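See structure below.
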Amino acid sequence: MPDPIVDLEYIEFDGTRATAVRRPVIAETPWVLYVDRRELVTFMCSPVGLHHLALGFLLSEGLIGGLED
């Protein structure tokens with residue numbers, strides 16, 4: 001699983017000048033949720049707590065009624 005925090009170099013603008021900075025940011029990567037071997041959805045998210053994300057999505061979409069499903 002990828003590291004959820006990566007160092008990223010970017011330009012920061014304070015209203016008058018631009019400065020190159022390197023700071024940690026939360027990484028987002030694509031994750032695909034399969035149901036019955038079929039691709040259901042692709043999430044762009046940080047790679048933390050993916051099982052909670054999948055369960056919440058399935059519940060909110062009405063595909064499961066609870067954890068027993």
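No value in this document is a laboratory result; all are computed from the given coordinates. Just so it is clear, the model here is predicted, and its values are computed rather than measured. Because the Cβ atoms are built from the backbone with ideal geometry, glycine has one as well, and the counts that use them run over all protein chains shown.
Dipole of segment 5-61, Cα-centred, from +1 at each Lys and Arg C-beta and -1 at each Asp and Glu C-beta, to the nearest 20 debye?
On the way: 5 positive and 8 negative charges, 13 e Å.
Roughly 60 debye, rounded to the nearest 20.
Non-local amide H neighbours of Ala27 (under 5 Å, H modeled in plane, Pro and chain starts lacking H): which ones?
Residues meeting the criterion, in which the H sits 1.01 Å from N, are Ile5, Val6.
By how many nm would the segment from Trp31 to Val48 grow when fully extended, if each residue of separation counts as 0.36 nm and the alpha-carbon distance is taken off? Mind showing how you got there, number by number?
On the way: separation 17, 0.36 × 17 = 6.12 nm, distance 1.10 nm.
Residue separation times 0.36 nm, minus the Cα-Cα distance, leaves 5.0 nm.
Just want the answer: with Cβ charges of +1 for Lys and Arg and -1 for Asp and Glu, which residue in Gly65, Phe13, Ala54 is farthest toward the dipole's positive end in the chain?
Going by the charge dipole, the pick is Phe13.
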